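To start, the structure itself, in structure tokens.
The values are calculated or read from the model by the stated rules, or taken from the named source; none is laboratory data. Note that the structure is a prediction, hence the values are computed from the model and not measured. Cβ placement follows ideal geometry from the backbone for every residue including glycine, while neighbour counts extend to all protein chains displayed.
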């Protein structure tokens with residue numbers, strides 16, 4: 001990360017630099033002092049001297065957010081942070097020869113690259129300054145994130161009977177088991193599962209679907225059964241899983257959300 | 001007026017001895033000396049718990065630190081709020097406190113300490129804690145805090161362990177107190193600093209009380225080891241990993257701006273050094289967000305792990321109790337190569 005503090009850099013610092021000596025101070029003082037120097041000396045080379053790594057990193061962060069191009073040199077415990085305003089580099093008034101002398105040691109910013117390419121020098125593409133971390137393995141990834149779950153959970157599924165599809169009811173009952181199981185294993189879960197009319201029997205004590213419905217709920221799917229329907233089938237007091245809802249909520253789901261009726 | 005922060009290089013929970021330095025040493029200490037000890041330091045929990053009877057256990061913790069704000073009254077308030085936090089994080093109610101004071105004599109003579117005590121006592125009173133006594137010594141750098149004892153039902157202890165795959169993680173208070181107390185020293189972002197003081201003096205009492213009406217699998221408070229450190233401790237103890245979303249993290253106003261301009265306390269770098277190997281950052285997470293992730297919190301919020309289906313209702317209830325920035329910040333998942341993933 002650190003460059004060699006060659007004589008070219010030293011000359012540039014002595015010739016054009018505003019020196020901020022922040023040695024012997026702790027954060028945030030070096031940043032504050034640098035900030036003041038930036039404000040008092042626009043479009044000038046500012047050189048801040050610090051004597052600890054934290055201050056060096058913080059001053060560098062600050063300079064970069066202010067659009068400066070940073071070069072840092074370490075000598076023992078002391079750091080020399082040279083910060084060039086972009087205007088200065090564009091005006092081409094400084095460091096003639098410095099970039100040519102040590103092209104590979106430069107921080108690779110766009111402007112330096114531009115300048116370098118103008119002069120026919122190849123500069124390697126930017127290396128990340130942030131945390132150096134290992135790439136995770138592919139198998140680390142298949143899990144839902146907050147945004148993922150929020151976004152994908154837009155669908156509301158309304159089940160109107162305790163079997164799936166039209167045609168054979170017997171087949172439909174078996175299909176419901178497969179359907180719910182597949183749904184519980186699906187990568188993108190629905191936001192809500194609303195049970196209407198005959199479908200509310202699936203949350204009653206005799207239902208073969210309790211386990212899978214509970215697992216859907218565990219995974220964050222909201223399970224709601226129509227109250228009037230539960231009343232009709234005499235199940236209101238013995239609901240095994242999920243909440244009780246009303247027609248207002250069901251209508252709202254149909255009109256305002258992406259609802260699928262099965 | 002005396003500027004308290006000038007007495008200490010690092011303030012608040014940022015003056016903790018880093019986990020990378022303490023870790024090895026702690027392993028050499030004996031643990032679980034008695035059968036009645038329900039929680040000891042082996043799980044990196046917030047407080048120790050010893051069982052008294054089948055319905056009662058004592059929760060014990062100690063916390064003290066150097067000044068992180070200049071006003072002594074607010075220093076006292078923050079220190080007291082922070083000291084009782086660990087009891088709430090274990091699911092308990094704080095009952096008694098003993099004061100720990102190290103202070104320069106001239107400051108005591110100038111009435112600074114009595115202001116600190118005034119602020120602290122206001123907090124203790126508001127959460128029903130009786131101050132039983134304390135111990136004070138002369139010191140060049142002021143230090144202030146409490147040893148606090150509370151009650152908890154032995155079967156209702158919240159620990160770091162217990163988070164389950166599929167759980168959501170909820171954080172009750174905004175992050176960024178480390179950045180903003182650093183900003184305060186430079187006189188920057190006064191509005192942000194004010195909000196930071198407000199959040200640091202918000203008791204974790206109401207957050208814990210709301211928690212008791214939900215299915216809490218695990219809980220801790222987020223303090224000096226940063227969100228990353230405390231989330232990692234929870235995941236390690238629960239044998240899981242978690243995925244957090246940077247954009248979902250609640251933050252104090254100007255915390256991100258502060259981090260961007262380099263108002264980053266030294267402890268942030270220490271936390272990163274200690275935890276870098278266990279945390280994965282997606283390439284899209286900016287350096288400033290990463291710094292907030294490692295920002296040492298003083299008197300930070302509670303981090304809860306609870307079933308996903310209860311997540312939204314829980315956050316709503318927290319907001320009703322005035323914890324307006326409470327948010328779902330991520331999910332618990334199967335143990336991966338890293339303990340914490342941030343996207």
Enumeration of residues in region B:35-52 that are at pLDDT 90 or above and touching a helix residue (DSSP H, G or I) at 6+ places or on another chain (Cβ under 8 Å): B:48
Number of the exception - residue A:159 against (1) at pLDDT below 90; (2) in contact with a helix residue (DSSP H, G or I) (Cβ under 6 Å, 6 or more places away or on another chain): (1)
Set B:284, B:336, B:322: member being in contact with a helix residue (DSSP H, G or I) (Cβ under 7 Å, 6 or more places away or on another chain), in contact (Cβ under 8 Å) with a residue 24 or more places away in the chain and either crowded, with 24+ Cβ neighbours inside 10 Å or over 20 Å from residue A:219 (Cβ atoms) (or both): B:322
Considering residues of region A:27-65 that are crowded, with 24+ Cβ neighbours inside 10 Å and part of a loop (DSSP other than H, G, I, E, B) only, the residue farthest from the other protein chains (Cβ to nearest Cβ): A:27
Residue within region B:295-304 that is more than 9 Å from chain A (Cβ to nearest Cβ) and surrounded by fewer than 24 Cβ atoms within 10 Å (Cβ to Cβ) present: no
Identity of the residue in region B:269-279, modelled with pLDDT under 95 and within 11 Å of another protein chain (Cβ to nearest Cβ), that ends up surrounded by the fewest Cβ atoms within 10 Å (Cβ to Cβ): B:277
Residue satisfying condition, being over 17 Å from residue A:261 (Cα atoms) and more than 14 Å from chain B (Cβ to nearest Cβ), within set A:187, A:211: A:211
Some residue of region B:115-122 being surrounded by fewer than 16 Cβ atoms within 10 Å (Cβ to Cβ), assigned to a helix (DSSP H, G or I) and free of Cβ contacts under 8 Å to residues at least 24 places away in the same chain: no
